[in-house]
Amino acid sequence: MSYTSEEIRLASELFFYLLNNRILPLSDTLAAEYGDNSQIREIVITMAREAGLHIFSTRENLHLVSEKENSIFATTYTQMKERYNRLIRKRHFHLANIIISVYLAEIDRESNFSFRIEDAALSYYKLEELVSETLDSWKKRSEVENFAEDFAIAIEEIYHLWNVEMSHSKVNKDGSLSFSSGNRIGFINEALRPLEQEKLIINLQSEFTIIPKKELYERLDYLYHGGDRYTEIMDLIKETRGED
């Protein structure tokens, strides 16, 4: 199938916008071209596929995400370490992933759009408490069963990092939270930066609060719900709270 130069230009403009911003509202004229013009849509999908990327559309947005495997944009520990300077060792990377998972387990709901997003706001203090409860429960399980091997979680290293090497949260004299290196709150802030930079959460540091955005729920619905590993980790976290 042949394409016009205008279709190629618009498709390229759309693809590189998504590459830079990851999300595009369907109300945007470029998104309208994607939905209305099958030629432009085919070009964009082909460009994404060749780069190991995937495009999906929700009721309100277009999303561009990396494929899980064989993508030039897949994030490795080395790449993450270069972007986020507090991920000093792999155990920091593993702990950051656990913090994100605990956060998602707290805000993920079955009827995502039947409540006000603001009601899902979570404080830094509460997230710190939930992470501690989760790691304490997993550490106890690891003492009586092969927890680390069964669930592929380096609980001993992560637990020691969180409970021994990191200090408890501190409040500055002006009432603001300290986000210094080696501080639990500071590391939570670092762990959530990928979500913030993807524009999936609103990080209100001055109010000690994290608010999930509608786009985060779209990602969960289209990418993670039903995934075996995601379901396994969510179940493990919810078990620590006595939830089904």
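The values are calculated or read from the model by the stated rules, or taken from the named source; none is laboratory data. From a predicted model like this one, the values you see are computed outputs, not experimental measurements. A quick note on method: Cβ atoms are made from the backbone with ideal geometry, for glycine too, and the neighbour counts reach across all protein chains shown.
The listed residues are Leu19, Leu24, and the only one of them that is part of a helix (DSSP H, G or I) and either surrounded by fewer than 18 Cβ atoms within 10 Å (Cβ to Cβ) or out of contact with any Pro (no Cβ under 6 Å at 6 or more places or on another chain) (or both) turns out to be Leu19. Residue count for the range 1-16, restricted to those that are surrounded by 18 or more Cβ atoms within 10 Å (Cβ to Cβ) and among the aromatic types (Phe, Trp, Tyr): 1. Give the residues of the range 138-196 that are of a type in the set (S, T, N, Q), out of contact with any Asp or Glu (no Cβ under 8 Å at 6 or more places or on another chain) and modelled with pLDDT of 85 or more, sorted by residue number. Matches in the range 138-196: Asn146, Asn163, Asn183, Asn189. Checked against (1) surrounded by fewer than 13 Cβ atoms within 10 Å (Cβ to Cβ); (2) assigned by TED's automatic domain parsing to the domain that holds Asp228; (3) modelled with pLDDT of 85 or more, Arg91 passes all but a single condition, namely (1). Suppose we filter Ile40, Ile55, Ile100, Ile8 for residues that are closer than 25 Å to Ala191 by Cβ and modelled with pLDDT of 90 or more; which single one remains? After applying the criteria, what remains is Ile100. Can you pull out the residues in the range 27-55 that are closer than 24 Å to Tyr224 by Cα and either in the same structural domain as Lys199 (by TED's automatic domain parsing) or not in a helix (DSSP H, G or I) (or both)? The answer is Ala51, Gly52, Leu53, His54, Ile55. Picking from residues in the range 103-122 that are under 17 Å from the mean Cα position of the chain (by Cα) and of a type in the set (Gly, Ala, Ser), the one that is modelled with the highest pLDDT is Ala105.
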